[in-house]
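Notes follow once the structure below has been shown.
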Amino acid sequence: VWIGQSAAMSASQPAMRAIQADVVPWNLRGKLFGTIQAFFNAGATIGPIVGGALFAYFSLILIPLGPFILEGLVVPFWLASGLGLIGAFLLWKYVEETRPIQITIVESDETIVDAT
């Protein structure tokens, strides 16, 4: 699970930074990048504390969910998964391409010879 989360985060960060650079005026980019990184670091600090508190609170509880009975130990996992899915949906629904795709056609009369 952690490997997948790290891979997804590493793959999405360049795209996120590119969108920020495209949308925000150059004179505000440093402030925006710093603010976003501060919130990211705050989440990385507070998240484990909240997750640990949820784990401790729900560890001995059984939660009926329709035909299933979930152990309380899985509450932090499902909560984080739900928030991730909501974030993915919002990203898909509201984030648009910030720059149009440009296709450049190069016409040449030169002949390319492959000598292999």
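Checking each residue of the stretch 77-88 against the condition of being aromatic (Phe, Trp, Tyr), within 19 Å of residue 6 (Cβ to Cβ) and within 18 Å of the chain's Cα centre (by Cα) gives at least one match. Of 33, 55, 40, all but one fail to be in a helix (DSSP H, G or I), in contact with a Leu (Cβ under 8 Å, 6 or more places away or on another chain) and either surrounded by 12 or more Cβ atoms within 10 Å (Cβ to Cβ) or modelled with pLDDT under 90 (or both); the exception is 55.
Scan the stretch 1-19 and report the pairs whose first residue is over 14 Å from residue 80 (Cβ atoms) and of a type in the set (Gly, Ala, Ser) and whose second residue is at pLDDT 80 or above and surrounded by 10 or more Cβ atoms within 10 Å (Cβ to Cβ), with Cβ atoms within less than 9 Å and a gap of 6+ or a chain change. Final answer for the pair search is 12/91.
Applying the criterion of being of a type outside the set (A, V, I, L, M, F, W, C) and within 15 Å of the chain's Cα centre (by Cα) to the residues of the stretch 14-46, the residue that is farthest from residue 77 (Cα to Cα) is 20. Checking each residue in the stretch 20-47 for being touching a residue at least 60 places away in the same chain (Cβ under 8 Å) and β-branched (Val, Ile, Thr) picks out only 23. Checking each residue in the stretch 76-116 for being of a type in the set (Lys, Arg) and either modelled with pLDDT of 85 or more or within 30 Å of residue 49 (Cβ to Cβ) (or both) picks out only 93.
Counting only residues that are polar (S, T, N, Q), surrounded by 11 or more Cβ atoms within 10 Å (Cβ to Cβ) and modelled with pLDDT of 80 or more, the stretch 1-18 holds 2 of them.
The values are calculated or read from the model by the stated rules, or taken from the named source; none is laboratory data. As the structure is a prediction and not an experimental result, all values here were calculated from the model. With ideal geometry, Cβ positions are generated from the backbone for all residues, glycine too; neighbour counts draw on all protein chains shown.
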